[in-house]
Amino acid sequence: LLREAKYPVIVLGADAATQATAKAIERLLSDSHIAVLCTFEGGGMVSAKHLSSFMGRLGIFQNQPCNLLLEKADLILSVGYN
C-alpha cells in the first residue's frame, strides 16, 4: 500500500517511542520520503538525518501544514497512536 500511495503520511504517537520502532522508522525513511507527523507525546522519533520528512506535531496551535497533509493523504500509517 505504501508503494502505491501518492501522498502517504506517517503519524507517530507516544507508544511508538521504542528502540525497535525507531529503527524501523529510520529504515523506512531511508528508502522513501514519506511525511511524518507526531502527536505531542510522540515527538523525537525522527532522527536528525531525516528531519526533512518531519512536518510537525499534530494538535498544537492548529498546525495548518499538518492539517493540510492529512487532508491530502491517500494513506495514513499510524504507529503507536491509540
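The values are calculated or read from the model by the stated rules, or taken from the named source; none is laboratory data. This one's a predicted model, so the numbers in the text were calculated from it and none came from an experiment. Glycine gets a Cβ as well: all are built from the backbone with ideal geometry, and neighbour counts include every protein chain shown. Side chains included, ligands, DNA and RNA excluded: accessible areas come from the protein's heavy atoms. Shrake-Rupley method; radii C 1.70, N 1.55, O 1.52, S 1.80 Å.
Remarks
- Entry remark, the range 49-63: residues being of a type in the set (S, T, N, Q) and surrounded by 15 or more Cβ atoms within 10 Å (Cβ to Cβ) number 2 in total.
- Residue check, Leu28 farther than 13 Å from Gly80 by Cα, open to solvent by 30 Å² or more (accessible area, probe 1.4 Å) and touching a residue at least 40 places away in the same chain (Cβ under 8 Å): no
- Only a single criterion out of (1) touching a residue at least 60 places away in the same chain (Cβ under 8 Å); (2) in contact with a helix residue (DSSP H, G or I) (Cβ under 6 Å, 6 or more places away or on another chain) is not satisfied by Ile76, namely (2).
- With respect to the stated conditions, Leu1 is modelled with pLDDT of 90 or more and open to solvent by 60 Å² or more (accessible area, probe 1.4 Å).
- Test: residue in the range 37-48 that is out of contact with any Cys (no Cβ under 6 Å at 6 or more places or on another chain), open to solvent by less than 70 Å² (accessible area, probe 1.4 Å), of a type in the set (Gly, Ala, Ser) and at pLDDT 85 or above: no
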